[in-house]
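Participant: Provided herewith is a single structure, encoded as structure tokens, for subsequent inquiry.
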Amino acid sequence: MTPEGKVVKDIKLAMKELGCAVRKCVWVGHSGAPDLFIMSAPLAAGAAGRHLWVEVKAPGKKPTAHQLREHEIMRKAGCQVIVADNVIDVIRAVISDPP
């Protein structure tokens, strides 16, 4: 398993424990978009669920310029996009207040 694959596996396991749904995304004919889409249930009564895109990187690696441009397009459209090289950053994003 690649280092990035291990991070993906850890994220999927942690999100399952939190009651979130995770989808590994494949972008046909398009590169640079995030790897995972996470859907979480509301954490409190009356709250909305959280939905975010995760660009998964191997520990210590950074996104490419092309990926950063794609993330910015998605953010301008109202999407929450994070880059994570570990599961803790994703857990924090899911349980924190929306940006």
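The values are calculated or read from the model by the stated rules, or taken from the named source; none is laboratory data. Since this is a predicted model, take the numbers as computed values, not measurements. SASA here: full protein model, heavy atoms, side chains in, ligands and nucleic acids out. Shrake-Rupley method; radii C 1.70, N 1.55, O 1.52, S 1.80 Å.
Participant: Any idea which residue in segment 74-88 is farthest from the chain's Cα centre (by Cα), counting only those that are open to solvent by less than 60 Å² (accessible area, probe 1.4 Å) and not polar (S, T, N, Q)?
Facilitator: Taking segment 74-88 and keeping what is open to solvent by less than 60 Å² (accessible area, probe 1.4 Å), we get 74, 79-87.
Okay, now just the ones that are also not polar (S, T, N, Q), so 74, 79, 81-85, 87.
Numbers: Met74: 13, Cys79: 11, Val81: 6, Ile82: 6, Val83: 7, Ala84: 7, Asp85: 10, Val87: 10 Å.
Per the criteria, the residue is Met74.
Participant: Okay, next question. Under the condition of being modelled with pLDDT under 85 and hydrophobic (A, V, I, L, M, F, W, C), which residue from segment 28-54 is farthest from Ala93 (Cα to Cα)?
Facilitator: Only one residue tops the list, namely Ala45.
Participant: Please specify each residue of segment 52-73 satisfying the condition of being assigned to a loop (DSSP other than H, G, I, E, B), of a type in the set (D, E, K, R) and open to solvent by 50 Å² or more (accessible area, probe 1.4 Å). It would help to see each step written out before you state the result.
Facilitator: From segment 52-73, those assigned to a loop (DSSP other than H, G, I, E, B) are 57-64; that's our starting set.
From what's left, of a type in the set (D, E, K, R): 57, 61-62.
Across segment 52-73, the qualifying residues are Lys61, Lys62.
Participant: Right, something else. Output the residues belonging to segment 74-89 that are assigned to a helix (DSSP H, G or I) and either modelled with pLDDT under 95 or not aliphatic (A, V, I, L, M) (or both).
Facilitator: Met74, Arg75, Lys76, Asp89
Condition check ((1) part of a loop (DSSP other than H, G, I, E, B); (2) hydrophobic (A, V, I, L, M, F, W, C); (3) more than 14 Å from the chain's Cα centre (by Cα)) across all residues:
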position	(1), (2), (3)
Met1	yes, yes, yes
Lys6	no, no, yes
Leu13	no, yes, no
Ser31	yes, no, yes
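Participant: Go through (1) modelled with pLDDT under 90; (2) of a type outside the set (Ser, Thr, Tyr); (3) over 10 Å from the mean Cα position of the chain (by Cα) one by one and return the number of the condition Val94 breaks.
Facilitator: Evaluating Val94 over (1) modelled with pLDDT under 90; (2) of a type outside the set (Ser, Thr, Tyr); (3) over 10 Å from the mean Cα position of the chain (by Cα) leaves (3) as the failure.
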